[in-house]
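A short reminder: the numbers here are calculations on the coordinates, not readings from a lab. Here the structure is a predicted model, which means the values were calculated and not measured. Please note: Cβ atoms are built from the backbone with ideal geometry, for glycine as well, and neighbour counts cover all protein chains shown.
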Amino acid sequence: MAWVITHLCRDCVDMSCIEVCPVDCIYGYTGDDAATFPNQLYIDPEECINCGVCEPECPWEAIFEDEQVPEVFHEAVALNAKITEAKDHFEVPDKIDRPRPSSEEVASNKTKWGYTG
């Protein structure tokens with residue numbers, strides 16, 4: 001079992017999760033295939049130790065256990081796993097401090113992706 005970063009991270013990329021990950025398994029994409037790997041963070045399922053410390057740190061509420069990923073984000077499980085095939089184009093980014101989103105921004109982002117949970 002591993003944790004998965006979903007569409008709720010896309011173009012938000014808060015990075016709070018990076019700071020707390022004890023095994024540095026959260027990556028950003030550095031390649032030029034944005035159609036395959038959109039602007040978000042990814043968890044390498046082969047490196048994730050299932051500790052769960054990333055989930056409460058995400059202000060966008062974008063991280064779920066792989067078995068608990070909502071149906072609307074089901075493809076995120078495979079997308080996170082796909083990074084293992086392109087590892088040369090991923091790196092653990094340096095954390096950039098960003099303002100925390102408001103509850104209205106989080107709700108709007110969920111609505112944008114069709115998530116009502």
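For this structure, a couple of remarks:
- ³J(HN,Hα) computed for each position of the range 36-49 - Karplus, 6.51 cos²θ - 1.76 cosθ + 1.60, integer Hz, glycine/proline x: 7, 10, x, 5, 7, 9, 9, 10, 6, x, 7, 9, 5, 9
- As a length-normalised measure over Cα pairs under 8 Å and 6 or more apart, the relative contact order of the chain settles at 39 percent.
- Simple spin-label estimate for residue 50 and residue 33 in nanometres, 7 Å along Cα-Cβ: 2.9
- Axis angle, to the nearest 10 degrees, between helix 103-112 and the longest C-alpha principal axis of the chain: 70 degrees.
- Extended-chain gain in nm, criterion 0.36 nm per residue less alpha-carbon gap, residue 72 and residue 57: 3.2 nm
- Computed [θ] at 222 nm, deg cm²/dmol, the chain (DSSP H ≥ 4; -39,500 (n - 2.57); rounded to nearest 500): -5000 deg cm²/dmol
- Label sites at residue 20 and residue 116, each approximated as a point 7 angstrom past Cα along Cα to Cβ, lie 2.9 nm apart.
- Among (1) 9.1; (2) 7.3; (3) 6.7, the entry derived from the coordinates for mean projected area of the Cα convex hull in nm²: (3)
- Those aspartates and glutamates that a straight Cα-Cα span of less than 16 Å connects to residue 112, excepting residues fewer than 8 apart in one chain: 11, 61, 71, 104
- Burial ranking of peptide ranges 54-65, 85-96, 14-25, 38-49 (average Cβ count within 10 Å, highest at the top): 54-65, 38-49, 14-25, 85-96
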